[in-house]
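The values are calculated or read from the model by the stated rules, or taken from the named source; none is laboratory data. Keep in mind it's a predicted model, so treat the numbers as computed, not measured. Using ideal geometry, Cβ is built from the backbone for each residue, glycine included, and neighbour counts are taken over all protein chains shown.
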Amino acid sequence: AQRVTQPEKLLSVFKGAPVELKCNYSYSGSPELFWYVQYSRQRLQLLLRHISRESIKGFTADLNKGETSFHLKKPFAQEEDSAMYYCALIPQPGAGSYQLTFGKGTKLSVIP
Amino acid sequence: GAGVSQSPRYKVAKRGQDVALRCDPISGHVSLFWYQQALGQGPEFLTYFQNEAQLDKSGLPSDRFFAERPEGSVSTLKIQRTQQEDSAVYLCASSLARDRSNEKLFFGSGTQLSVL
């Protein structure tokens, strides 16, 4: 079965400092990876997915199949980035599985 | 509507009581998911509907959990004889597509269930 590991429960950085939220996964095939974010008192929402290769709110994430990682990065943290971040995986698209597997989440706190 | 709507927002139940949690997805969304999120954990998959068909219920933790979506829109998650370990936030999510991998999920605010 697939698994997603986010090793940091809490990450605190100063405003303007670089941010890296770590995500490692275990899955034998070719998964699709996502980052979801939950701001205070808001719903869980999609931040980005690896197939889109997009940058959202300055965040990027690269899938490294060799290291089975999908770390989320931003060069300069902003106070409004403070939130709970979840890495998630779905098994090989089209294989008939619809289950998103989430990590336990990392709480990012940006210090002014 | 404004998004995925869940009710009630909070539910307190006595152990052994039955509860029903409602999810109103975004109009026209084909796919509907239920997730369970325990304190300090990420959401865990419970079940998946495509229209009215329940295609996957492998995540339901026991036969006390039952979900339905009879007309392919509103869904209800029912938990019979609640136990303390059922205490969690229950999240509903919907998406437009049948093919899960190509469409993002829209989550509701969740129902926080506390079993005393």
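All conditions but one from (1) of a type outside the set (A, V, I, L, M, F, W, C); (2) more than 10 Å from chain B (Cβ to nearest Cβ); (3) in contact with an Asp or Glu (Cβ under 9 Å, 6 or more places away or on another chain) apply to A:Arg49; the one that does not is (2). So, A:Glu67, is that one under 10 Å from the mean Cα position of the chain (by Cα) and over 27 Å from B:Phe106 (Cβ atoms) or not? Taking the combined requirement at face value, the residue does not satisfy it. Kindly indicate whether B:Gly28 is within 10 Å of chain A (Cβ to nearest Cβ) and not in a strand (DSSP E or B). No; evaluated as a whole, the condition is false for this residue. Restricting attention to the stretch B:62-96, the residues that are within 14 Å of another protein chain (Cβ to nearest Cβ) and in a loop (DSSP other than H, G, I, E, B) add up to 1.
In this structure, B:Gly59 does not qualify as part of a loop (DSSP other than H, G, I, E, B), surrounded by fewer than 21 Cβ atoms within 10 Å (Cβ to Cβ), of a type outside the set (A, V, I, L, M, F, W, C) and at positive phi. Can you tell me which residue within the stretch A:1-13, out of those that are more than 15 Å from the chain's Cα centre (by Cα) and under 26 Å from B:Gly59 (Cβ atoms), is surrounded by the fewest Cβ atoms within 10 Å (Cβ to Cβ)? Per the stated criteria, the residue is A:Ala1.
Scanning the stretch B:31-44 for residues that are in a strand (DSSP E or B) and more than 19 Å from B:Leu96 (Cβ to Cβ), we see that the one that is farthest from the other protein chains (Cβ to nearest Cβ) is B:Gln36.
Would you mind telling me which numbered condition in (1) in contact with an Asp or Glu (Cβ under 9 Å, 6 or more places away or on another chain); (2) closer than 28 Å to B:Tyr90 by Cα; (3) of a type in the set (Val, Ile, Thr); (4) modelled with pLDDT of 95 or more A:Val110 fails? It is condition (2) that A:Val110 fails. When the stretch A:14-26 is filtered for residues that are surrounded by fewer than 18 Cβ atoms within 10 Å (Cβ to Cβ), outside any loop (DSSP other than H, G, I, E, B) and not aromatic (Phe, Trp, Tyr), the ones remaining, listed by number, are A:Glu20, A:Asn24, A:Ser26. Scan the stretch A:61-74 and give yes if some residue there is closer than 21 Å to B:Gln37 by Cβ and either free of Cβ contacts under 8 Å to residues at least 60 places away in the same chain or surrounded by fewer than 19 Cβ atoms within 10 Å (Cβ to Cβ) (or both), otherwise no. Within the stretch A:61-74, one or more residues are closer than 21 Å to B:Gln37 by Cβ and either free of Cβ contacts under 8 Å to residues at least 60 places away in the same chain or surrounded by fewer than 19 Cβ atoms within 10 Å (Cβ to Cβ) (or both).
Considering the stretch B:5-35, the residues that are out of contact with any helix residue (DSSP H, G or I) (no Cβ under 9 Å at 6 or more places or on another chain), surrounded by 15 or more Cβ atoms within 10 Å (Cβ to Cβ) and among the aromatic types (Phe, Trp, Tyr) include one that is nearest to A:Leu44 (Cα to Cα), namely B:Tyr35.
Here A:Arg53 meets each of (1) modelled with pLDDT of 90 or more; (2) at positive phi; (3) not polar (S, T, N, Q) with one exception, condition (1). Please go through the stretch A:27-42 and give me each residue that is crowded, with 17+ Cβ neighbours inside 10 Å and either of a type outside the set (A, V, I, L, M, F, W, C) or part of a loop (DSSP other than H, G, I, E, B) (or both), ordered by number. A:Tyr27, A:Pro31, A:Glu32, A:Tyr36, A:Gln38, listed by residue number.
Counted as qualifying within the stretch A:55-112 are the strands (runs of 3 or more DSSP E) with 2 or more residues that are facing chain B (nearest Cβ under 9 Å), namely A:83-90.
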